[in-house]
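What follows is a set of notes on a single structure, which appears directly below.
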Protein chains: 2
Amino acid sequence: MGSHHLGQIGIIGNGSWGTALAKILTDNGNTIYWWVRNTEAVSYLQNRYHNPHYLTSVRFIADTIRPTNNLKQVMESCDTVLICVPSAYALQVMEGVDKKMWQGKNIISAIKGILPESNLLLNDYLITHYDCKLDNYVAITGPCHAEEVADERLSYLTFSGLNDKLAHEVSKAFNNTYIHTTCNHDIWGAQYAAVLKNIYAIGAGIAHSLDYGDNFLSVYITNCYREMYHFLKDHFEKVHPSNEKPDFHTSAYLGDLLVTGYSLHSRNRTFGTMIGKGYSVKAATLEMNMVAEGYNAARGMQAISKTYSINIPIASLIYKVLWESLTPSDAFLKLEKMLS
Amino acid sequence: MGSHHLGQIGIIGNGSWGTALAKILTDNGNTIYWWVRNTEAVSYLQNRYHNPHYLTSVRFIADTIRPTNNLKQVMESCDTVLICVPSAYALQVMEGVDKKMWQGKNIISAIKGILPESNLLLNDYLITHYDCKLDNYVAITGPCHAEEVADERLSYLTFSGLNDKLAHEVSKAFNNTYIHTTCNHDIWGAQYAAVLKNIYAIGAGIAHSLDYGDNFLSVYITNCYREMYHFLKDHFEKVHPSNEKPDFHTSAYLGDLLVTGYSLHSRNRTFGTMIGKGYSVKAATLEMNMVAEGYNAARGMQAISKTYSINIPIASLIYKVLWESLTPSDAFLKLEKMLS
């Protein structure tokens, strides 16, 4: 299949999602440079063709991956860079790269969060701080648990970019028998949807631990979708009124909320379950050995909703549980009365 | 709490849903006449205060229920009649009652289907054949597995009627600590949503049996919602343009689709799983000892979509599997290409 228009592709990050994306690209005939922080993982990938800690079942085809812990080498070698690290580490990773190296590169973001230091989406941060061009940016979103990509079970991904040709080329690089792709222009909305859904998934976990049932969960998620829909619509109309409005009843928006809110694989949902059971954020984070994206996202979206004057009352209640010591049961007593 | 404005209430039907509704009404202080076809069930309810076959864990408060297999007696004694039988048997049950007896009664429908003989919603049938008044009609919908009502887990019900006062009185009769209620005017849309969701749930079961995963299921249900949304919106604008348009991102519409599509309790989903595994409709029906509502609904909605010229391509594919021997795997190969 190749990727001539994209040139050489590099991937930054080797968590589950980065590993799944590497699998798709290499299955499709691409050779990738791959920045992997951990040297043990580098040699594992070099010698045994799989990741030691994430999606270990994925065995790469020999010679399709060039793992390294030298980020500069990846940046120098690649025309297209896919960034796939937790949003909390993105800044730290990017600071290791000279500003000039970002110029002219195609940037694909698979980060599902806002940068916690600035409350900015990656594209807004790169434009402000690295003089990147929005025309070179494509965001990947969609309901896509990495575990199911490893099993090659049919999944749908959405590629959002203002540059039609680039978005199309990127989507083509990922499209195959088990990945169906679509493109749109909605860089901001698609990413905000991906951020919001992690907050709502924490709420789904809290609801589960407070012993609400399936009937309630369906009403909760329905109301989360209504809130997400209004946020996206209002944001779109306030900030990008001249663009073509996307259909929000699609996989990147409602679909991603559903898979995250309903799946027991979801780490944000698991985090919420612990919070609902009375774990502190610190204890839950230690127990999971990771920061759930929705935790910082709740604070970020709280700030963003104020910036744009768009209310997101459900996400705000989750924020207050995580950051202002509102108890989960008090939050849900309030929530019960808000739902319809 | 009482129900003075509703007068004496009667319930027709004692399946799981009828039993759950009887529990709510009697928990709220109402005494109900209850038509139960099976004489064994009548004496069980009279002597042991619970149903022998459905929601057996629900024990009624003594003297709050008056079970009988004499339908005329129920009709003569009651001012408000709640109908809760499978749509396939509704006509047969109603034929046992003299036309005059329906006059002036408040009719609450908890039937989640269209009458298969006429492809009509119950309200349209009653108006055409029994001279009932639309002003006396209220439909109950919402994501509400009866099993969770039995456990008194918080659930949300929607009461749709053109007569605000009646809808409000009915909703008040059901509202309590574990049932939250809302009202709207959308008799047709709320009921069509309840019908469509059973068809889509059969599809969810088929997808499950064909080994699609959570990623796919979320995309499938998202696209079902988009189709439902467009059907409801188009139908509303074509048939009831002067009414106030309801918010479809609420529990009676999206919520009911979610609980039915995702829950393993759903009988339509179970039926779909058998169909996907290669059972014939007849074998699946025998195995389940009941007709899944979505089976007749698929044929009914196929006709209704033609009547109103509103396409519902996903529901049509399920229809073709159930009624025109399209194989489940061929249907889903087509479906894969339609989703986004």
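The values are calculated or read from the model by the stated rules, or taken from the named source; none is laboratory data. These numbers were taken from a predicted model, which means no experiment stands behind them. Positions of Cβ are generated from backbone atoms using ideal geometry, with glycine treated the same way; all protein chains shown enter the neighbour counts. With ligands, DNA and RNA removed, areas are computed over all heavy atoms of the protein, side chains included. Shrake-Rupley method; radii C 1.70, N 1.55, O 1.52, S 1.80 Å.
Conditions tested, residue by residue: (1) open to solvent by 10 Å² or more (accessible area, probe 1.4 Å); (2) closer than 20 Å to A:Cys132 by Cβ.
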| residue | (1), (2) |
| --- | --- |
| A:Ile24 | no, no |
| A:Asn28 | yes, no |
| A:Ser77 | yes, yes |
| A:Pro86 | yes, no |
| A:Tyr89 | yes, yes |
| A:Gln92 | yes, yes |
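Restricting the search to segment A:94-106, which residues are touching a Lys or Arg at 6+ places or on another chain (Cβ under 9 Å) and open to solvent by less than 30 Å² (accessible area, probe 1.4 Å)?
A:Val97
Kindly evaluate A:Ser57 against the criterion of being in contact with a helix residue (DSSP H, G or I) (Cβ under 6 Å, 6 or more places away or on another chain), in contact (Cβ under 8 Å) with a residue 60 or more places away in the chain and open to solvent by 10 Å² or more (accessible area, probe 1.4 Å). Before you say what the answer is, go through the steps one by one.
On the way: in contact with a helix residue (DSSP H, G or I) (Cβ under 6 Å, 6 or more places away or on another chain): yes; in contact (Cβ under 8 Å) with a residue 60 or more places away in the chain: yes; open to solvent by 10 Å² or more (accessible area, probe 1.4 Å): yes.
In short, yes.
For B:Leu254, are the conditions met, namely being within 14 Å of another protein chain (Cβ to nearest Cβ), under 23 Å from B:His145 (Cβ atoms) and touching a Lys or Arg at 6+ places or on another chain (Cβ under 9 Å)? Give the derivation first.
Details: within 14 Å of another protein chain (Cβ to nearest Cβ): yes; under 23 Å from B:His145 (Cβ atoms): yes; touching a Lys or Arg at 6+ places or on another chain (Cβ under 9 Å): yes.
Yes.
Within segment B:304-340, can you find the residues that are in a helix (DSSP H, G or I), more than 14 Å from every other protein chain (Cβ to nearest Cβ) and open to solvent by 40 Å² or more (accessible area, probe 1.4 Å)? It would help to see each step written out before you state the result.
If we filter segment B:304-340 for residues that are in a helix (DSSP H, G or I), which is where we start, we get B:304-307, B:313-323, B:328-338.
Narrowing the set further to residues that are more than 14 Å from every other protein chain (Cβ to nearest Cβ) leaves B:304-307, B:313, B:315-323, B:328, B:330-331.
Selection gives B:Lys306, B:Thr307, B:Pro313, B:Lys320, B:Trp323, B:Asp330.
Using the structure shown, decide if B:Lys233 is basic (Lys, Arg) and either without any contact (Cβ under 8 Å) to a residue 60 or more places away in the chain or touching a Ser or Thr at 6+ places or on another chain (Cβ under 6 Å) (or both). So that I can check it myself, show each step before the final result.
Values: basic (Lys, Arg): yes; either without any contact (Cβ under 8 Å) to a residue 60 or more places away in the chain or touching a Ser or Thr at 6+ places or on another chain (Cβ under 6 Å) (or both): yes.
For B:Lys233, the condition - basic (Lys, Arg) and either without any contact (Cβ under 8 Å) to a residue 60 or more places away in the chain or touching a Ser or Thr at 6+ places or on another chain (Cβ under 6 Å) (or both) - is met.
Checking A:Trp323 against (1) at positive phi; (2) in contact (Cβ under 8 Å) with a residue 12 or more places away in the chain, which test does it fail?
(1)
Filter segment B:160-202 down to the residues that are within 14 Å of another protein chain (Cβ to nearest Cβ) and open to solvent by 30 Å² or more (accessible area, probe 1.4 Å) and list them by number.
B:Asn175, B:Thr177, B:His180, B:Thr181, B:Thr182, B:Cys183, B:Asn184
If I go through segment B:195-220 residue by residue, how many of them are part of a helix (DSSP H, G or I), in contact (Cβ under 8 Å) with a residue 60 or more places away in the chain and of a type outside the set (Gly, Ala, Ser)?
At the first step, the residues of segment B:195-220 found to be part of a helix (DSSP H, G or I) are B:195-209, B:214-220.
Still in the list and also in contact (Cβ under 8 Å) with a residue 60 or more places away in the chain: B:195-209, B:219-220.
Those still in the list that are of a type outside the set (Gly, Ala, Ser) too: B:195-200, B:202, B:206, B:208, B:219-220.
Number satisfying all stated conditions: 11.
So for segment A:177-189 (the condition being at pLDDT 95 or above, closer than 28 Å to A:Phe60 by Cα, among the small types (Gly, Ala, Ser) and touching a helix residue (DSSP H, G or I) at 6+ places or on another chain (Cβ under 7 Å)), does at least one residue qualify?
Quick first cut of segment A:177-189, residues at pLDDT 95 or above only: A:177-189.
From what is left, the residues that are closer than 28 Å to A:Phe60 by Cα are A:177-183.
Filter again for among the small types (Gly, Ala, Ser), leaving none.
The answer is no; no qualifying residue exists.
Can you work out which of the residues in segment A:257-281 that are farther than 20 Å from A:Leu157 by Cα and hydroxyl-bearing (Ser, Thr, Tyr) is nearest to the other protein chains (Cβ to nearest Cβ)?
For segment A:257-281, the residue satisfying everything is A:Thr270.
So, in segment A:236-255, exactly how many residues are in contact (Cβ under 8 Å) with a residue 40 or more places away in the chain and crowded, with 18+ Cβ neighbours inside 10 Å?
Result for segment A:236-255: 8.
So which residues in segment B:108-131 are over 24 Å from B:Trp34 (Cα atoms) and in contact (Cβ under 8 Å) with a residue 40 or more places away in the chain, if there are any at all?
Matches in segment B:108-131: B:Pro116, B:Asn119.
Output the number of residues of segment A:263-282 satisfying the condition of being part of a helix (DSSP H, G or I) and open to solvent by 40 Å² or more (accessible area, probe 1.4 Å). Steps first, please.
Within segment A:263-282, the subset part of a helix (DSSP H, G or I) is A:267-276, A:281-282.
Subset that is open to solvent by 40 Å² or more (accessible area, probe 1.4 Å): A:267, A:270, A:282.
Residues meeting the conditions: 3.
Between B:Leu71, B:Leu82, which is under 24 Å from B:Glu147 (Cα atoms) and outside the structural domain of B:Ala297 (by TED's automatic domain parsing)? Full working, then the answer.
Details: B:Leu71 fails: under 24 Å from B:Glu147 (Cα atoms).
Matching residue, one of B:Leu71, B:Leu82: B:Leu82.
Considering (1) under 22 Å from B:Gly261 (Cα atoms); (2) small (Gly, Ala, Ser); (3) more than 14 Å from chain B (Cβ to nearest Cβ), say which one A:Ala284 fails and leave the rest.
(1)
Residue under question is B:Met301, and the condition is that it be at pLDDT 95 or above and either crowded, with 21+ Cβ neighbours inside 10 Å or closer than 20 Å to B:Tyr192 by Cβ (or both); does it hold?
Here the answer is yes, as B:Met301 does meet what is asked.
Applying the selection to segment B:92-151, what residues are over 30 Å from A:Leu339 (Cα atoms), touching a strand residue (DSSP E or B) at 6+ places or on another chain (Cβ under 6 Å) and not in a helix (DSSP H, G or I)?
Keep residues of segment B:92-151 that are over 30 Å from A:Leu339 (Cα atoms), which gives B:92-105, B:115-120, B:124-133.
If we keep only those that are touching a strand residue (DSSP E or B) at 6+ places or on another chain (Cβ under 6 Å) as well, we get B:105, B:125.
Across segment B:92-151, the qualifying residue is only B:Lys105.
Limited to segment B:1-56, what total is found for residues that are under 21 Å from B:Lys72 (Cβ atoms) and aromatic (Phe, Trp, Tyr)?
3
Exactly one condition in (1) within 14 Å of another protein chain (Cβ to nearest Cβ); (2) farther than 17 Å from A:Gly15 by Cβ; (3) of a type in the set (Val, Ile, Thr) is false for A:Thr141; which is it?
Against the list (1) within 14 Å of another protein chain (Cβ to nearest Cβ); (2) farther than 17 Å from A:Gly15 by Cβ; (3) of a type in the set (Val, Ile, Thr), A:Thr141 comes up short only on (2).
Of everything in segment A:203-220, what is within 13 Å of chain B (Cβ to nearest Cβ) and either touching a Phe, Trp or Tyr at 6+ places or on another chain (Cβ under 7 Å) or of a type outside the set (A, V, I, L, M, F, W, C) (or both)? Give them in sequence order. Spell out how you get there, then give the answer.
Step one: list which residues in segment A:203-220 are within 13 Å of chain B (Cβ to nearest Cβ), which gives A:204, A:207-208, A:210-220.
Across segment A:203-220, the qualifying residues are A:Ala204, A:Ala207, A:His208, A:Leu210, A:Asp211, A:Tyr212, A:Gly213, A:Asp214, A:Asn215, A:Ser218, A:Val219, A:Tyr220.
Looking for whichever is surrounded by 23 or more Cβ atoms within 10 Å (Cβ to Cβ) and not in a loop (DSSP other than H, G, I, E, B) here; the options are A:Trp17, A:Trp34. Which one fits? Working first, answer last.
Values: A:Trp17 fails: surrounded by 23 or more Cβ atoms within 10 Å (Cβ to Cβ).
Exactly one residue qualifies, and that residue is A:Trp34.
Is there a residue being under 30 Å from B:Asp164 (Cβ atoms), among the hydroxyl-bearing types (Ser, Thr, Tyr) and more than 23 Å from the chain's Cα centre (by Cα) anywhere in segment B:38-47? Please lay out each step first, then the result.
We begin by selecting, within segment B:38-47, every residue under 30 Å from B:Asp164 (Cβ atoms); these are none.
No, every residue in segment B:38-47 fails to be under 30 Å from B:Asp164 (Cβ atoms), among the hydroxyl-bearing types (Ser, Thr, Tyr) and more than 23 Å from the chain's Cα centre (by Cα).
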